[in-house]
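The values are calculated or read from the model by the stated rules, or taken from the named source; none is laboratory data. Owing to the predicted nature of the structure, the values given are computational and were not obtained by experimental measurement. Cβ sites come from the backbone with ideal geometry, for glycine too, and all protein chains shown count toward neighbours.
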Amino acid sequence: MDGQQRCASNLLIHDAFSDPAVRFPIPAASALSFQQARRFAIRKSRGKGRPDKAKQEDMPLMNEHLIKEIMTLSKAESPDQVQLRLVVEHGSGTPPTSEETSLAEAITTSLDLGLDLVEIDLNHTVPVVRAVKYDAKVYRTNKEKAKKQVKDPLSVVKQFRFKARAADHDVQRKLDQVIDALKKGHKCQIQTTCPTRMINQGTNPEGAKEVMERILEGVGSVGEALRDPDVNIDKTHATVLLIPQKS
């Protein structure tokens, strides 16, 4: 074994990951080069290490923190001794590949491809991880959710506000919009308002509730309220969520 191999065989992952809690040598046969280990560790400074505390519940373990968790769960002495399933995402237009390999090889693969190692399922008999450009993955996922929301009318809530002082033709015009939205499958959040003066003068003694009842009557069988309208103590504001009536 020459000097370079001996140096590689004694490489400790805690040096690369800047985490003194992670201490296990990589055998020379599959040792990461110092350059590769340094590249992997630099990701932490780019925001791809441990997620912020506020986001930990929404984000999977990644990179050095994923490796630390896998080694802790496996109780292995070396990454070569840990078997897992690696799913590699090569980008749009190319289907992902999957293979069972060692943790050491998974690290090397992710470094060679410039990808992040991301948790999928560590509780499986054979842990499953993914090599993926995580920022791009998050962007695609959010974009797909946005497209799905646009295509799914039930996920879009339309907002409508009715005032007690509005003219009858204005109320009817907006009511027609509510009915049209419900027919198209949208949920509708209805808010009604009534000034205190109209309540005190007896013009609308029930305030916003009286306006809301008029709207619900106008909607008829096209929509239904999930619950009774929520009216504040002063009777000046009322809200209700309408959903399309099931046929």
- Task: Test each condition in (1) surrounded by 13 or more Cβ atoms within 10 Å (Cβ to Cβ); (2) assigned to a loop (DSSP other than H, G, I, E, B) for ARG227 and report the one that comes out false.
- Result: (1)
- Query: Is at least one residue of segment 150-159 at pLDDT 90 or above, assigned to a strand (DSSP E or B) and in contact with a Ser or Thr (Cβ under 9 Å, 6 or more places away or on another chain)?
  - Reply: no
- Evaluate the following for HIS186: is it surrounded by fewer than 13 Cβ atoms within 10 Å (Cβ to Cβ) and either modelled with pLDDT of 90 or more or more than 12 Å from ILE215 (Cβ to Cβ) (or both)? no
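Looking at segment 218-227, can you tell me whether even one residue there is assigned by TED's automatic domain parsing to the domain that holds PHE160, in contact with a Ser or Thr (Cβ under 8 Å, 6 or more places away or on another chain) and in contact (Cβ under 8 Å) with a residue 24 or more places away in the chain? So that I can check it myself, show each step before the final result.
In the first step, residues of segment 218-227 are kept if they are assigned by TED's automatic domain parsing to the domain that holds PHE160; the result is 218-227.
Cutting the leftovers down to in contact with a Ser or Thr (Cβ under 8 Å, 6 or more places away or on another chain) gives us none.
Within segment 218-227 (the criterion being assigned by TED's automatic domain parsing to the domain that holds PHE160, in contact with a Ser or Thr (Cβ under 8 Å, 6 or more places away or on another chain) and in contact (Cβ under 8 Å) with a residue 24 or more places away in the chain), the answer is no, since none of the residues qualifies.
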- Query: For MET212, which of the numbered conditions (1) in contact with a helix residue (DSSP H, G or I) (Cβ under 9 Å, 6 or more places away or on another chain); (2) under 17 Å from GLN189 (Cβ atoms); (3) surrounded by 19 or more Cβ atoms within 10 Å (Cβ to Cβ) fails to hold?
  - Reply: (1)
- Which pairs do you get when a residue that is polar (S, T, N, Q), found in segment 175-186, comes within reach of a residue that is surrounded by fewer than 19 Cβ atoms within 10 Å (Cβ to Cβ), reach meaning Cβ atoms under 9 angstrom, with the pair 6+ apart or on two chains? GLN177/LYS158; GLN177/PHE160
- Task: Select the strands (runs of 3 or more DSSP E) contained entirely in segment 55-133, then report the ones holding at least 2 residues which are in contact with a Pro (Cβ under 9 Å, 6 or more places away or on another chain) and either in contact (Cβ under 8 Å) with a residue 24 or more places away in the chain or not aliphatic (A, V, I, L, M) (or both).
- Result: 83-88, 116-121, 128-132
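Let's see how each residue does on (1) crowded, with 16+ Cβ neighbours inside 10 Å; (2) modelled with pLDDT under 85; (3) touching a helix residue (DSSP H, G or I) at 6+ places or on another chain (Cβ under 6 Å):
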{"position": "ALA29", "(1), (2), (3)": "no, yes, no"}
{"position": "ALA37", "(1), (2), (3)": "yes, yes, yes"}
{"position": "LEU73", "(1), (2), (3)": "no, no, no"}
{"position": "PRO95", "(1), (2), (3)": "no, no, no"}
{"position": "GLU119", "(1), (2), (3)": "yes, no, yes"}
- Out of the residues in segment 75-93 that are hydrophobic (A, V, I, L, M, F, W, C) and within 27 Å of ARG140 (Cα to Cα), which is surrounded by the fewest Cβ atoms within 10 Å (Cβ to Cβ)? VAL87
